[in-house]
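The values are calculated or read from the model by the stated rules, or taken from the named source; none is laboratory data. All of these numbers come straight from a predicted model, not from anything done at the bench. Cβ: placed from backbone, ideal geometry, glycine included. Neighbour counts: every protein chain shown.
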Amino acid sequence: MAAEKHLICRADALQDGGDGVRFTAPGTGYLAGPAFVVRYGGRVYAYLNRCAHVPVELDWMEGKFFDLTQHLLMCAVHGAHYDPRNGRCVMGPCKGASLHALKVVEEDGLVYLLSDVGPVST
């Protein structure tokens, strides 16, 4: 069975280390709800919008997920910093824990969430 694709945004809406795009992950239970996608190192990455320390949304303003260096994702509430390539907390109160990754694909200038896939192991 092929994965069901859900359109998130146009690929050109995501710039390396720039603003992310918020969306709602479909489904029920823990893997549904607020999520975001960012571009880093030329690739797109998506995560549930929940800090691994305390489940609050990361962005301090809509789409503002990167810290000032534009190399780490940052929780605006507790200051946890995450590697955008794998969601692992590299600094802060949840060091070693990870964001819940979601499977995304970039095709024909669009970014899609693949919904039949649970969290991606990191």
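Just a few scattered comments:
- Taking (1) part of a strand (DSSP E or B); (2) in contact with a Phe, Trp or Tyr (Cβ under 8 Å, 6 or more places away or on another chain) in turn, TYR45 satisfies each apart from (2).
Matching residues to (1) part of a loop (DSSP other than H, G, I, E, B); (2) touching an Asp or Glu at 6+ places or on another chain (Cβ under 8 Å):
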{"site": "ARG39", "(1), (2)": "no, yes"}
{"site": "ALA52", "(1), (2)": "yes, no"}
{"site": "PRO55", "(1), (2)": "yes, no"}
{"site": "TRP60", "(1), (2)": "yes, no"}
{"site": "GLY63", "(1), (2)": "yes, yes"}
{"site": "THR69", "(1), (2)": "yes, no"}
{"site": "HIS78", "(1), (2)": "yes, no"}
{"site": "ARG85", "(1), (2)": "yes, no"}
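- Segment 52-63 residues that are without any contact (Cβ under 8 Å) to a residue 60 or more places away in the chain and within 17 Å of PRO84 (Cβ to Cβ), paired with ones that are of a type in the set (Phe, Trp, Tyr) and assigned to a loop (DSSP other than H, G, I, E, B) (beta carbon under 9 Å, 6 or more apart): LEU58/PHE65; ASP59/PHE65
- Qualifying residue in segment 4-16 (condition: in a strand (DSSP E or B) and β-branched (Val, Ile, Thr)): yes
- Residues of segment 51-67 that turn out to be modelled with pLDDT of 95 or more and more than 20 Å from ALA25 (Cα to Cα), as a count: 2
- Only one of the numbered conditions (1) in contact with a helix residue (DSSP H, G or I) (Cβ under 9 Å, 6 or more places away or on another chain); (2) on the phi > 0 side of the Ramachandran plot is violated by VAL21, and that is (2).
- Residues in segment 70-83 that are surrounded by fewer than 23 Cβ atoms within 10 Å (Cβ to Cβ) and touching a residue at least 12 places away in the same chain (Cβ under 8 Å): GLN70, HIS71, LEU72, MET74, ALA76, VAL77, HIS78, GLY79, HIS81.
- Looking across VAL90, VAL111, one residue alone is under 17 Å from ALA13 (Cα atoms), in a strand (DSSP E or B) and modelled with pLDDT of 95 or more. It is VAL111.
- THR122, sole failed condition from (1) closer than 16 Å to ARG43 by Cα; (2) modelled with pLDDT of 95 or more: (2)
- Residues that are on the phi > 0 side of the Ramachandran plot and without any contact (Cβ under 8 Å) to a residue 24 or more places away in the chain within segment 86-100 comprise just one, GLY96.
- Any chance VAL105 is assigned to a strand (DSSP E or B) and under 16 Å from ALA3 (Cβ atoms): yes
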